[in-house]
Amino acid sequence: MLFSFKNKGGKHVIKVLLVDSDRGRGAVIAQALLDSDMGCDIFRPDLEANLIKTVESYHPDVIIIEVDAPSRDTLEHLAIINELNPKPVVMFAENDDSNLIRKAIQSGVSAYVVDGVAQNRIKSILEVAIARFREYQALKDELAQTKHQLADRKLIEKAKGFLMKQAGIDEDTAFKQLRKLAMDKGKPLAEIAANVVSVAELLS
């Protein structure tokens, strides 16, 4: 699951990590979230707190960052989080430099907002960011699955080639032997193929 929603008083609660450089602007965001019907549990750490460790300890569903301009450390931390434990990230910033926005998006920011903090827009911004994040993660998972399937096919083809060469059999027979081995051992076909390839490389 992408989000670990919990139930509180009959309502779903979203755990929001709010990191703000301006406590006043951060308070506006926090109040807008509390006033919405989304149901939010908000945690506001010190700006100096390590973002990676904070995410690990708090386990937020969404990260909101309010800052004049994201620092290199912040972007690096977000990139690590996006790689190891991705979350939807909304960034409210004053700096509208296109290069900085590009770096923020590459670091895993789902929405980069530069036109101020408007209370009546925060809920919709958050919802759009979550939707974009879910779509991106679905595409990322699909791509990873496709790459995994292609790698498995290459292994199977390589294993078939080894069996064909060593046993003097045709491709269909080689595939049937691999499939029988997989069924007999109760293991995936790709795993059996990998073992055959490993043995072939040792013997070569």
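Since every read-out is calculated from the coordinates, none of them should be taken as a lab result. Here the structure is a predicted model, which is why all the values come from computation and not from measurement. So basically every Cβ, Gly included, is an ideal-geometry build from the backbone, and we count neighbours across all protein chains shown.
Miscellaneous remarks
- Across all directions, the shadow cast by the convex hull of the range 6-117 built on its C-alpha atoms averages 6.7 square nanometres.
- Proximal lysines to LYS140, defined as alpha-carbon separation beneath 29 angstrom and excluding residues fewer than eight positions away on the same chain: LYS6, LYS15, LYS53, LYS87, LYS103, LYS123, LYS154, LYS158, LYS187
- The stretch between LYS180 and SER124 holds 14.7 nm of extra length on full extension. This uses 0.36 nm per residue minus the Cα-Cα distance.
- Alpha-carbon centroids, the range 97-137 and the range 13-32: separation in whole Å: 15
- Take the Cβ atoms of LEU203 and LEU84, set R0 to 35 Å, and the FRET efficiency comes out at 0.35.
- Along the chain, the exposed loop sites are GluC sites (Glu not before Pro) outside DSSP states H, G, I, E and B with at most 15 other Cβ atoms within 10 Å, and the longest stretch free of them is 95-204.
- Size estimate for the chain follows the Kirkwood approach: the inverse of mean 1/r over distinct Cα pairs works out to 20.2 Å.
- Förster radius 22 Å - calculated FRET efficiency between GLN31 and TYR136 (Cβ-Cβ, nearest 0.05): 0.15
- If you plug the beta carbon distance of HIS148 and GLU171 into 1/(1 + (r/R0)^6) with R0 = 30 Å, you get a FRET efficiency near 0.85.
- Spatially proximal aspartates and glutamates relative to LYS176 (Cα-Cα < 18 Å; intrachain offsets below 8 disregarded): ASP152, GLU157, ASP184, GLU191
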